[in-house]
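Here's the structure we're looking at; comments come further down.
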C-alpha cells in the first residue's frame with residue numbers, strides 16, 4: 001500500500017477540518033498510516049480486492065484497490081461495473097446525483113486530481129463516522145448494518161463483474 005499517497009490525502013483532510021484534526025491528534029500518532037486507522041481496520045480493509053483489472057486514467061498510479069474500496073464503502077456512492085462490448089472489457093462507473101442531476105463518469109475518465117478530491121471527501125466522512133462510533137453506542141448498530149450492506153453490495157458486484165469479464169473474453173475469441 002502506498003502510504004505516501006494516503007499521507008498526502010490525510011494531510012489535506014486534516015488541514016481542511018479542525019474537528020478531524022483534533023480527533024486525529026487525540027487518538028493517533030502524527031505519522032499515522034492508513035492501516036492504523038480504526039475505520040480502515042474495521043471497515044475499509046474488509047473490501048476484497050477487485051477481481052478484474054479496472055482501468056484508470058494513465059496519469060493515476062496510486063493504490064487502485066484502496067481507491068475502489070473507498071468508493072464502494074462510502075455511503076453516498078453509487079457505482080457499477082459496465083461491459084464495454086466494443087473493447088471486450090469491463091469499466092468501473094461512478095454515479096453521482098447533485099441537485100436532481102445525475103452524472104455518470106467512468107473512473108478511467110477521471111484525472112488524478114479528481115480522484116484525490118473524491119478521496120478527500122470520502123476520508124473526511126470515514127473519519128467523522130469513526131469519531132461517532134468511538135464516542136457513542138447508540139448510532140453504531142445502524143452504521144454497522146449499513147457497512148455490512150455496502151460490503152455485500154461490493155462482493156456481489158465484484159463477482160458479477162468477474163463473470164461478465166470472463167464472458168467478454170469468451171466472445172472475443
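Some points to look at:
- With respect to (1) out of contact with any strand residue (DSSP E or B) (no Cβ under 9 Å at 6 or more places or on another chain); (2) within 20 Å of residue 160 (Cβ to Cβ), the lone exception for residue 19 is condition (2).
- So residue 152, is it farther than 20 Å from residue 57 by Cβ and at pLDDT 85 or above: yes
- Restricting region 76-96 to residues that are modelled with pLDDT of 90 or more and crowded, with 16+ Cβ neighbours inside 10 Å, the residue that is farthest from residue 154 (Cα to Cα) is 91.
Residues checked against (1) within 14 Å of residue 44 (Cα to Cα); (2) part of a helix (DSSP H, G or I); (3) in contact with a helix residue (DSSP H, G or I) (Cβ under 7 Å, 6 or more places away or on another chain); (4) modelled with pLDDT under 90:
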site: 102; (1), (2), (3), (4): no, no, no, yes
site: 108; (1), (2), (3), (4): no, yes, no, no
site: 115; (1), (2), (3), (4): no, yes, yes, no
site: 119; (1), (2), (3), (4): yes, yes, yes, no
site: 122; (1), (2), (3), (4): yes, yes, yes, no
site: 127; (1), (2), (3), (4): yes, yes, yes, no
site: 141; (1), (2), (3), (4): no, yes, no, yes
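- Residues that are outside any loop (DSSP other than H, G, I, E, B), touching a residue at least 60 places away in the same chain (Cβ under 8 Å) and surrounded by fewer than 20 Cβ atoms within 10 Å (Cβ to Cβ), drawn from region 45-75: 46
- Selection within region 76-100 - within 24 Å of residue 169 (Cβ to Cβ) and outside any loop (DSSP other than H, G, I, E, B): 79, 80, 81, 82, 83, 84, 89, 90, 91, 92, 93
The values are calculated or read from the model by the stated rules, or taken from the named source; none is laboratory data. Just so it is clear, the model here is predicted, and its values are computed rather than measured. Note that each Cβ is placed from the backbone with ideal geometry, even for glycine, and that neighbours are counted across all protein chains shown.
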